Amino acid sequence: MPVAIEINDLRKTYKGALVPALDGLSLSVKKNQIVGLLGPNGAGKTTSINVLCGLVLPDTGTAAIHGKDCIRSTFFIKKILGVVPQQIALFSNLTAWENFYYIGRLYGIKDNKIKERSGYLLERLGLEKHADKRVGRYSGGMKRRANIIASLLHQPEVVILDEPTAGVDVQSRAMILDFLQEYRQQDKTILYTSHLLEEAEQLCDEVVIIDEGKFIVSGSPKTLIEETPECRRLEDVFLHYTGHSVRD
Ligand SMILES: Nc1ncnc2c1ncn2[C@@H]1O[C@H](COP(=O)(O)OP(=O)(O)O)[C@@H](O)[C@H]1O
Ligand SMILES: [Mg+2]
């Protein structure tokens, strides 16, 4: 199966940090799959995502999407990659429409296309009635759905989401997961991080477990559960590999 994301021996130690955030991390994500990037707090998930979207420069190692280097080919990467950050990246003083026009224009999308695309996504993610409200007045779940729309206006081939379901209500979560599955059906690749292992077990074609900046194990949830001794759920597999000590 062709590869969408390839990370090879990434190393990154933040300025002043005692331990590396990424310590020789390698992983790959096949095209047209939903892959869960899992790991305890501080494992390096957000740092890896930031390398992929060009926000963090690694000390050494490579990261590529659809064969193009994430650091050198920024123009290409911007076109094919959509990133949904953990923090809401919208202007709270603007309405959803205003946000989408602003962001869409930054991507060079024509206004009529922005309208068509946002209109579809607003409806699909249950926000059509709220599109003229200021985002600052949205609930947490609504903000998160709007945040997802903003990253998909340019119809990226690869979408990376950092904790898209953290702290959202049950209905929003179900809608987001259902939508991600539908998006994947359109020949797209999705990499997402989550703390909710039951969710990842149900949703993901594959999961990649990392810890302390290193690759630990990957595979389909079903295979990992079968192949790890005394494991009945993905959570058991996760604890088997990452241990029981609490991370800060
Ligand atoms: N901007 C930063 N400056 C210094 N250290 C950081 C910074 N961002 C993350 N770290 C550290 O790097 C490690 C990996 O963090 P992160 O990639 O955010 O992990 P995760 O997303 O898996 O929780 C942690 O030890 C964290 O404290
Ligand atoms: Mg994180």
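The values are calculated or read from the model by the stated rules, or taken from the named source; none is laboratory data. Bear in mind the structure is a predicted one, so any value in this text is a computation, not a measurement. No Cβ is skipped: glycine too gets one built from the backbone with ideal geometry, and neighbour counts run over all protein chains shown. Side chains included, ligands, DNA and RNA excluded: accessible areas come from the protein's heavy atoms. Shrake-Rupley method; radii C 1.70, N 1.55, O 1.52, S 1.80 Å.
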>> Using C-alpha positions alone, give me the convex hull volume of the chain per residue in cubic angstrom.
In response: 131 Å³
>> Could you tell me the calculated FRET efficiency between residue 123 and residue 233, based on Cβ-Cβ distance and R0 = 30 angstrom, to the nearest 0.05?
In response: 0.30
> Which ³J(HN,Hα) values in Hz, rounded to whole numbers, follow from the phi angles of the stretch 220-226 under the Karplus curve 6.51 cos²θ - 1.76 cosθ + 1.60, where θ = phi - 60° and Gly and Pro get x?
Replying inline: 6, x, 4, 5, 4, 5, 5
> Over what distance in Å are the Cα centres of the stretch 15-77 and the stretch 216-248 separated?
Replying inline: 22 Å
> DSSP beta bridges in the chain, what fraction antiparallel, as a percent rounded to 5?
Replying inline: 55 percent
> Relative to the present Cα-Cα distance, how much length would full extension add between residue 87 and residue 9 at 0.36 nm per residue of separation?
Replying inline: 25.4 nm
>> I need the trypsin sites (Lys or Arg not before Pro) found in the stretch 216-248, filtered to DSSP loop residues with at most 11 other beta carbons within 10 Å of theirs.
In response: 232
> Using a 1.4 Å probe, what is the accessible area per residue for the chain, in Å²?
Replying inline: 50 Å²
>> List the pairs from 12/68; 30/78; 45/133; 12/78 whose alpha-carbon separation is above 30 Å, in the order I gave them.
In response: 45/133
> Taking the stretch 110-201, which trypsin sites (Lys or Arg not before Pro) meet the DSSP loop condition and have no more than 10 other C-beta atoms within 10 Å?
Replying inline: 110
> Suppose R0 equals 25 Å; then what is the FRET efficiency for residue 17 and residue 79 from their Cβ-Cβ distance, rounded to the nearest 0.05?
Replying inline: 0.15
>> What do you get for GluC sites (Glu not before Pro) in the stretch 172-248 restricted to DSSP loop and a cutoff of at most 15 other Cβ within 10 Å of the site's Cβ?
In response: 230
